[in-house]
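Trainee: Structure below; questions to follow.
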Amino acid sequence: MKKFKPNNNLVKPKKKLGQHFLNSSDIAKQIVDCIDSENIDSIIEVGPGMGILTQHIIGLNKKSYFVEIDSESVKYLKENYPLIKDSIIEEDFLKLELTNFKNPIGIIGNFPYNISSQIIFKAIENRSIVHTLVGMFQLEVAKRICEGPGSKTYGIISVLVQAYFKTEFMFSLDPFQFTPPPKVNSGVIKLTRKNQLKLNCDENLFFKIVKTSFQQRRKTIRNSLKVFNLSNNIKEDVIFGKRPETLGVDDFVHLTNIIANGNIST
């Protein structure tokens, strides 16, 4: 396995930023190879750090941007990758306005685990312009995103992501493949936007129902959605006798329409 050997002074990983630098260029290339470069116009790398993914992204010959909040990493990138110095954005990705980039967009990165879920939800909110997301996550989170109904780890983020994106678990990584090693294993996943950008239901209500259902995942929908003051007539539908962890996206769309058509006030 080829180890990454950066030049000049190394960037000191910062715990507050959740920095765990990947140390294998070969694995970095595997991650970058996952992105559908032919289907996107812009690539945004989140948290390039010392550029282990960056070096391979440059080789894709796509308009690319490198969003880094750490000033030490920004300095390092400019010194070691002068060709991209005008494409480095020293900003918090979560505050970045994605509509400013030519779309469709591909997002990629060894994501800081403390904000990885927020990055996912930002992609969902910007699904009209985000075509692909390839990222490194804590293994537990990566598996949860990709799991289907019936799994113990299937939950809110599984449903909301799968409502708009095809999910693929690519591979897992051990802690020793990072500097410093994290205390957990990691996983790389790929999200590819589905053709249908809107669900066949009230999407705000859909989000609320999914989140409320899983707050009491072991209870039936009938009990977990008591806050909606459902009428006895509506609750006769067979879906209300099921648990949220057994329902797929289409089931939640169906559930949302039942409640919406019943004119339930919350």
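Trainee: When the Cα atoms of segment 141-266 are enclosed in a convex hull and the volume is divided per residue, what value in Å³ results?
Mentor: Cα-based convex hull of segment 141-266, divided per residue, equals 116 Å³.
Trainee: Also, quick follow-up: Starting from 0 in steps of 5 Å, tell me what percent of the Cα-Cα pairs of segment 146-205 lands in each bin.
Mentor: 4, 15, 18, 20, 16, 12, 7, 5, 3, 0
Trainee: What does the charge dipole of segment 203-261 about its Cα centre add up to, to the nearest 20 debye, if the Cβ of each Lys and Arg holds +1 and the Cβ of each Asp and Glu holds -1?
Mentor: 380
Trainee: What number in nm² do you get for segment 92-140 if you take the convex hull of its Cα atoms and divide its surface by four?
Mentor: 3.3
Trainee: When the scattering of segment 41-91 is computed by the Debye formula from its Cα atoms alone, each counted once and equally, what is log10 I(q)/I(0) at q = 0.30 Å⁻¹?
Mentor: Log10 I(q)/I(0), no solvent term: -1.31.
Trainee: Also, quick follow-up: Would you kindly give the portion of the calculated P(r) for segment 203-261 that falls above 17 Å, as a percent of all Cα pairs?
Mentor: 24
Trainee: Could you order the peptides 104-116, 68-80 from most to least packed, using the average number of other C-beta atoms within 10 Å per residue?
Mentor: The packing order, highest mean first, is 104-116, 68-80.
Trainee: Taking the Cα centre of the chain as the origin and placing charges on Cβ (Lys, Arg +1; Asp, Glu -1), which of Tyr76, Phe66, Ser172 is farthest toward the positive end of the dipole?
Mentor: The Cα lying farthest towards the positive end belongs to Ser172.
Trainee: Here's a follow-up. Per 10 Å bin, what percent of the C-alpha pairs of segment 174-231 does each bin hold, from zero upward?
Mentor: Bins of 10 Å from zero give 17, 25, 23, 25, 9, 1 percent of pairs.
Trainee: Would you list the P(r) distribution for segment 1-85, with all Cα-Cα distances sorted into 5 Å bins from 0 and each bin expressed as a whole %?
Mentor: 3, 14, 26, 26, 20, 9, 2, 0
Trainee: Once you charge only the Cβ atoms, +1 for Lys and Arg and -1 for Asp and Glu, what is the size of the charge dipole of segment 118-266 about its Cα centre, to the nearest 20 debye?
Mentor: Numbers: 21 positive and 12 negative charges, 53 e Å.
Approximately 260 debye in magnitude.
Trainee: Related question: Taking the Cα centre of segment 15-193 as the origin and placing charges on Cβ (Lys, Arg +1; Asp, Glu -1), which of His56, Val184, Ala28 is farthest toward the positive end of the dipole?
Mentor: Looking along the dipole axis, the top candidate is Val184.
Trainee: Would you mind getting me the FRET efficiency between Lys12 and Asn39? Use the beta-carbon distance for r and R0 = 35 Å, nearest 0.05.
Mentor: Numbers: r = 37 Å, r/R0 = 1.05.
Computed FRET efficiency for Lys12 and Asn39 comes out at 0.40.
Trainee: May I ask you to give the average projected area over all directions of the convex hull of the Cα atoms of segment 89-212, in nm² rounded to one decimal?
Mentor: 8.7
Trainee: Right, next: Mind putting a number on the dipole of the chain about its Cα centre? Charges go on the C-beta only, +1 for Lys and Arg and -1 for Asp and Glu, and I need it in Debye to the nearest 20.
Mentor: Dipole size: approximately 740 debye.
Trainee: As I understand it, the dipole of the chain uses +1 on the Cβ of Lys and Arg and -1 on the Cβ of Asp and Glu, about the Cα centre. Which of Leu205, Leu139, Ile105 lies farthest toward its positive end?
Mentor: Highest projection toward the positive end goes to Leu139.
Trainee: Just Gly248, Gly59, Gly187 to compare: in a GNM of the chain, with alpha carbon springs under 10 Å, which one fluctuates most?
Mentor: Looking only at Gly248, Gly59, Gly187, the biggest GNM fluctuation is shown by Gly59.
Trainee: If you don't mind, another one. Stick to the Cα atoms of the chain, pair each with every other, and give me the Kirkwood hydrodynamic radius in Å at one decimal. Provide the component values of the computation, followed by the final result.
Mentor: Details: mean 1/r = 0.0505 Å⁻¹.
Result for the chain, one decimal place: 19.8 Å.
Trainee: May I ask which of Lys15/Lys211; Lys122/Lys152; Lys12/Lys122; Lys166/Lys198; Lys166/Lys211; Lys78/Lys183 have a Cα-Cα span longer than 23 Å here?
Mentor: In this structure, Lys15/Lys211; Lys122/Lys152; Lys12/Lys122; Lys78/Lys183 exceed 23 Å between Cα atoms.
Trainee: Please report Glu168, Glu45 as a ranked list, fewest other C-beta atoms within 10 angstrom at the top and most at the bottom. Numbers along the way, then the final one.
Mentor: On the way: Glu168 13, Glu45 26.
Arranged by neighbour count, lowest to highest, Glu168, Glu45 become Glu168, Glu45.
Trainee: Distance between the C-alpha centers of segment 66-111 and segment 133-186? Whole Å please.
Mentor: Cα centres, segment 66-111 to segment 133-186: 23 Å.
Rule-based calculations on the coordinates, nothing more; no lab input. Note that the structure is a prediction, hence the values are computed from the model and not measured. We place every Cβ from the backbone using ideal geometry, glycine too, and count neighbours over all the protein chains shown.
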